[in-house]
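The structure's right below; bear with me while I get my questions together.
Values in this text are rule-based calculations from the coordinates and carry no lab data. Please read these numbers as outputs of a predicted model, since none were measured by experiment. Cβ placement follows ideal geometry from the backbone for every residue including glycine, while neighbour counts extend to all protein chains displayed.
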Amino acid sequence: MEYVIELKNVDKEFKVLNRHEGLKGSFQDLFSRDYKIIKAVNNVSMNIKPGEIVGYLGPNGAGKSTTIKMMTGVLQPTRGEIVVNGKIPYKNRTANAQNIGVVFGQRSQLWWSLPLIESFKLLKDIYGISDKDYKDMLTLYESLVDIKELYSKPVRQMSLGQRTLSDILAAFLHNPPIVFLDEPTIGLDVSMKAKIRNLIKALNKEKNTTVILTTHDMGDVDALCERIVIIDKGTMLYDNDIEHLRSFFGAYRTLLIKTKKRPEELSEEERKSELESVETIVKEDFADKDFTFSLSDEGWCSVLIDESQVRLMKVLNHIQEKMKVYDVRLEEISTESVIRKIYEDAENLKKAN
Amino acid sequence: MRIKAYGALVRASVMDFMQFRLAAFVMLLGNIIYLIVIYNLWRAIYASVDNATINGMSFNDTMIYLVLASAQFTFMEAYLVWEMGRSIQSGKIVLNLLKPISYDKYLLFGIEGGNLCAFVVTFIPTFIIVQIITKGAIHMGVNLLFYLAAALFGMIINFAIDFFVGTICLYTESTWGINIMKEVVVLFLSGATVPLAFFPGTLKKIAMFLPFHAIYNTPLTFLTKGEELGLGESFIMLGEQILWAVVLLIIGKIFWKLSERVITVNGG
């Protein structure tokens, strides 16, 4: 089997009642047959190999969770084909459940009132895990994270981070070939995020588990994913490795300029006028070129330059001739700005693909 | 292996029950208040007629029946419709659907343990107290075994009805009204609130024709009329229960299968 997950031209439509406004409208709605079709997922195709960690990205409401729910078999696609582990998930949901693990960041599959270890024992019986596999898995867990001290703690008394950690371990417990993680690091602090990323990476490596991860946190993407799939408004925008994406945007570099000695002490208006003056200076000489201007948190003026159009040094020289520059910093474009650029402008991306 | 999985679900619900010990006491307290109310209500009803018996039931018979019915309610009612409605609304149902056990079995075995505990904690003490106060009004014989079997099937029938009604929540996405309606219909037609003996002729016939009486009336009959029932009659009553249980479970399963498709779990 070459691929663990195959999606071919998958569509998912929802029928939603057109609601009317006001009290009168509510009564109308009781008898209304006025439905509209919402296309949550539109012609999505992808193939995922065993052992891959795929980052599935997109803005809120892009159709990520819907796709995941179709892959797990909870939702049936309106059109198209989905094969997971060689089976059609929605037709074999219960059987498919044995071969997948899921974590929905906002919900817990653990027994709320019971100590963690009881939840693990229950899952052991529910998934029919053998004593030896169960023991080995716990030994592996204990070597990766400090989970032992959480065993006797009821889930409802756990912090969000501890709960998420436990939920991820629970999803991997029956050693499924595929694990779906829907926003696993949502709402966690920096150190917990790092812990969870390391854990996911280690489990993926140790067990060769395929991981499908949705997230809004670019840190997750940078730390975990070799490949990313981007979706927006139900349509797939990008499916390739991260390096490729960065190299496409690699011609972009950010020039940060400090125009005042202490820009952090400037007021909001003053900062804006500084940025405007930089903008006018750059534009008067390079009117036909594209730039993106913005302010950094510390009050530096940031200019995003496409070096295939104009060299960064040239721009800097020009600025320096016209105004006083206290300090200069160069930055490679981050994954975060790449993704932001993609969301903002899907057209460019089609060229990248 | 499957048996082990079901066992795990029963275990989980037993442990869950134990975690909320306080809830069991509150339940008991609520039950006592209910009993005080119906005691006075029926006292007034019997005081208003000249006969010592109404429809062949003395005041004592009626009280014994209603006390046991309310005790049976505490272990049979699992508030499954609420549970299903809540998990549909919150979208938590996804996690239950993604267990390698079909949803109906997941729910059934998930409430079984709690029911079992409630049986031990509330029904058995109530039974003993009734026996002591009435100086052994309940016949102690093979009818007790019949009661246990009948209570089990009654529980399954109750579950099947709840599961069916809970499935309707997939369409309505609201629970309150549906559940209230279900509770009124089931508790009334099953003879949990008023003994079926008090029903007027036609209504009683209709009630005996429906499955609900098999939840409360049938098991309780084994306790209150234990002496009079012959073996043959007892087995016929059990057989009717089994038939209803099977039919309703199948209907519930088919309805669920058809309805699964409408699941549009919250969140995008």
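Measure nothing but the geometry: give the 0 to 90° angle between the long axis through the Cα atoms of B:103-118 and the longest principal axis through the Cα atoms of chain B, rounded to 10°.
Compared with the principal axis, the helix lies near 40 degrees.
Hey, another quick one. List the residues of region A:58-81 whose backbone N lies under 20 Å from a point placed 7 Å from the Cα of A:N92 along the Cα-to-Cβ direction.
Residues A:68-78, A:80-81 fall inside that zone.
Something else: Would you compute, from DSSP H runs of 4+ residues alone, the mean residue ellipticity of chain A at 222 nm, taking -39500 (n - 2.57) per run and dividing by the full residue count, rounded to the nearest 500? Let's see the in-between values first.
Values: 13 runs with 140 residues, N = 353.
Using -39500 (n - 2.57) per qualifying helix, the result is -12000 deg cm²/dmol.
Which of the aspartates and glutamates could be linked to A:K289 by a straight reach, that is with a Cα gap under 14 Å, when you skip same-chain ones fewer than 8 residues away?
The qualifying aspartates and glutamates are A:E279, A:D306, A:E307.
Just add up the charged neighbours of B:F17: K/R +1, D/E -1, any other residue whose Cβ is under 13 Å from the Cβ of B:F17.
Values: positive: B:R11, B:R21; negative: B:D16, B:E112.
Value of the local net charge: 0.
While we're looking at this one, here's another question. If I build a Gaussian network model for chain B, linking alpha-carbon pairs within less than 10 angstrom, which residue out of B:G166, B:G85, B:G177 has the largest mean-square fluctuation?
Checking each option, the largest mean-square fluctuation is seen for B:G177.
Hey, another quick one. Taking the Cβ of each residue in A:K341, A:K24 as the centre, tally the other Cβ atoms inside 10 Å and list the residues starting with the fewest.
Least crowded to most crowded, the residues run A:K24, A:K341.
What angle, in degrees between 0 and 90 and rounded to the nearest 10, separates the Cα long axis of helix B:124-133 from the longest principal axis of the Cα atoms of chain B?
Once rounded, one gets 10 degrees.
To the nearest whole number, what is the average tally of beta carbon atoms from other chains within 10 Å of the beta carbons of peptide B:19-29?
For this peptide, the per-residue mean of nearby foreign Cβ atoms is 1.
Given a Förster distance of 56 angstrom, what is the FRET efficiency for A:N240 paired with B:I132, based on the Cβ-Cβ distance and rounded to 0.05?
Calculated value: 0.10.
Averaged across A:8-15, how many Cβ atoms of other chains sit within 10 Å of each residue's Cβ atom?
1
Residues with beta-carbon under 15 Å from that of B:W244, excluding B:W244: net charge, scoring Lys, Arg +1 and Asp, Glu -1?
Here the charged neighbours net out to -1.
Helix-only estimate, please: 222 nm mean residue ellipticity of chain B, summing -39500 (n - 2.57) across DSSP H runs of length 4 or more and dividing by its residues, to the nearest 500.
Details: 12 runs with 196 residues, N = 268.
About -24500 deg cm²/dmol.
May I pose another question? State the dimensionless ratio Rg/Rh of chain A (Rg: radius of gyration of Cα atoms; Rh: Kirkwood radius).
Rg/Rh: 1.06.
GNM on chain B, C-alpha springs below 10 Å: top fluctuator among B:V14, B:V121, B:V142?
B:V142
Here is a further query. Tell me the label-point distance for the pair B:L243, B:L28, using the 7 Å Cα-to-Cβ offset, in nm and rounded to one decimal.
Computed distance between label sites B:L243 and B:L28 equals 4.1 nm.
Compute, for the protein assembly as shown, the length of the dipole vector about the Cα centre, with Cβ point charges of +1 (Lys, Arg) and -1 (Asp, Glu) only. Units Debye, rounded to 20.
Here the size comes out at about 1260 debye.
Suppose a student asked you for the relative contact order of region B:2-262, using Cα pairs under 8 Å spaced at least 6 residues apart; what percent would you report?
On the way: 253 pairs, mean separation 69.7, N = 261.
Dividing the mean separation by the residue count of region B:2-262 yields 27 percent.
Right, next: If one computes the Cα centroid of region B:75-151 and of region A:116-135, what distance in Å separates the two points?
Taking the Cα centre of region A:116-135 as reference, the centre of region B:75-151 is 26 Å away.
Within a 10 angstrom radius of each residue's Cβ in B:95-107, how many Cβ atoms of other chains show up on average? Whole number is fine.
Counting Cβ atoms of other protein chains within 10 Å of each residue's Cβ and averaging gives 5.
For the protein assembly as shown, go through all pairs of different Cα atoms, get the mean of 1/r, take its inverse, and jot down that Kirkwood value in Å.
Taking every pair of different Cα atoms in the protein assembly as shown, averaging 1/r and inverting gives 29.1 Å.
Please identify, among B:L210, B:L223, B:L22, the residue showing maximal mean-square fluctuation in a Gaussian network model of chain B using a 10 angstrom Cα cutoff.
B:L22
Can I ask one more? Any chance you could tell me what percent of the C-alpha pair distances in region B:2-262 go past 29 Å?
Working: 11175 of 33930 pairs.
Above the 29 Å cut-off, region B:2-262 has 33 percent of its Cα pairs.
Follow-up. For A:I231, A:I342, B:I236, what ranking results if the residue with the fewest other Cβ atoms within 10 Å of its Cβ goes first? Write out the running numbers ahead of the final one.
Working: A:I231 24, A:I342 21, B:I236 12.
Ranked by crowding around the Cβ, least crowded first: B:I236, A:I342, A:I231.
On to the next question. What do the square roots of 5 times the Cα gyration tensor eigenvalues come to for region A:251-332, in whole Å, largest first, as semi-axes of the equivalent ellipsoid?
Values: eigenvalues 81, 33, 26 Å².
Ellipsoid semi-axes (Å, largest first): 20, 13, 11.
Okay, next question. For the cross-link pairs A:K36/A:K87; A:K233/A:K258; A:K39/B:K182; A:K205/B:K99; A:K195/A:K261, which exceed 30 Å when the distance is taken from alpha carbon to alpha carbon? The partial results should precede the final answer.
Values: A:K36/A:K87 32 Å; A:K233/A:K258 39 Å; A:K39/B:K182 36 Å; A:K205/B:K99 25 Å; A:K195/A:K261 39 Å.
Violating the 30 Å limit, Cα to Cα: A:K36/A:K87; A:K233/A:K258; A:K39/B:K182; A:K195/A:K261.
In whole percent, what relative contact order does chain A give with Cα contacts below 8 Å and a gap of six or more residues?
Working: 585 pairs, mean separation 63.7, N = 353.
Dividing the mean separation by the residue count of chain A yields 18 percent.
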